[in-house]
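*Asks:* Quick one: the structure is below, questions incoming.
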Amino acid sequence: EGVQELVYGDLHLAIERGRRLCIDPTPAMRSWSFLLLGVAGLLTCQAEAVRDAHTAALHDAVRKLPGTEDHASFLDRIASLVEGAQGSLEVPLELPDIYPDRVHPIEKVVTGRLLIDRGQPDEARQVFDDLAAHGPVLAASRQITIALLDDDDDHWHAALRTAVEHGFRLIAVDALEGLGVSAANSDNAEEALRLFGAAERLRRATGYRWRSPFEQERYESALVTSRSQLGSGADTAWAEGTALVLVDAAEYAGRARGERKRPRHGWASLTPTEQKVVALVTDGHSNPEIAQQLLMSRSTVKTHLEHIYDKVGIRNRSELAAHAARRS
């Protein structure tokens, strides 16, 4: 009970059921309810729900009931995350180094996404590789993670296809926003805002508000860039996106993909924004100066440079500047 609400995106109902099951007389049912309430609280950014789940899990942990100590530790971490996102707590998020078999897959999904924020991509891949054979929702979650790590549109589209086929609305939100960021990085502002608008429609319907810190930064940077580029037409593009139901949004994303396909490697694979970064590096600008000129964060500049290095097969900015100078 409650699994379908998390899988299909009825998060407010998941919180309601989680609260009810927290007082169930069966320890195993209570143990599941702590995760249901805590994760639904995280996904909706309701810190009170996460704290209530954590308190209930601690109560059973004190009684030495099986599994609850692990759940209490996990819920303590996500309680810190939710409150930190609201600006009331600034502490480093400690994640476990070992994932025992008794840890529920839903804990691994959340933990795997957060490992990206900690700069541990190999560990994040391992978490999701272990889960990929456990059904379509976990396989789609793995596609989301690979897309985030590799900046790979193919995996965003694969996740979106699975979301449409099975009705996984939370997966669809992540995929649409990921494709929106890709569109923004390719200077397709109108496409980006339509995809962001379609994702926002689903967020309102499901109550899904959470993004990992890494995803939040990518999203905000892409949104600011797209709105700046499109100017007075930004609100129109956003409104057109919010009018799209999931099937129509996925069809639009696929059609737009065909219109902007480019090589995956080499100088021709660089997006317009990446080309601007290369030009500024060649002119001797620092990352903070590039960030200021292109209206993005310093970490976004760093991410762009990492993608550029990978695409053109070089190791550092001095090599980049030298190659770019020779090309020009």
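The values are calculated or read from the model by the stated rules, or taken from the named source; none is laboratory data. Nothing here was measured: the structure is a model prediction, and the numbers come from that model. Methodologically, a virtual Cβ is constructed for each residue, glycine included, from the backbone with ideal geometry; neighbour enumeration extends over all protein chains shown. Please note that ligands, DNA and RNA were not included when accessible areas were found on the heavy atoms of the full protein model with its side chains. Shrake-Rupley method; radii C 1.70, N 1.55, O 1.52, S 1.80 Å.
*Asks:* What accessible area per residue comes out for the range 117-208, rounded to a whole number of Å², with a 1.4 Å probe?
*Replies:* 34 Å²
*Asks:* Which distance in nm do the two modelled labels at ASP248 and ASP283 give, with both placed 7 Å along the Cα-to-Cβ direction?
*Replies:* Here the answer is 4.2 nm between the modelled labels.
*Asks:* Kindly state, to the nearest 0.05, the FRET efficiency for SER328 paired with ALA205, given R0 = 41 Å and r defined as their beta-carbon distance.
*Replies:* 0.25
*Asks:* Between ASP24 and LYS276, how many nm apart are label points set 7 Å from Cα along the C-beta direction?
*Replies:* It works out to 5.2 nm between the two label points.
*Asks:* Could you run the Karplus curve 6.51 cos²θ - 1.76 cosθ + 1.60 with θ = phi - 60° over the range 322-328 and give me ³J(HN,Hα) per residue in whole Hz, x for Gly and Pro?
*Replies:* Calculated HN-Hα couplings, in order: 5, 5, 5, 5, 5, 5, 6 Hz.
*Asks:* Calculated FRET efficiency, TRP267 and ASP152, Cβ-Cβ r, R0 25 Å, to nearest 0.05?
*Replies:* 0.85
*Asks:* Follow-up. Treat each spin label as a single point 7 Å out from the Cα along the C-beta direction, and report the GLU48 to SER228 distance in nm.
*Replies:* Between GLU48 and SER228, the simple spin-label model gives 3.9 nm.
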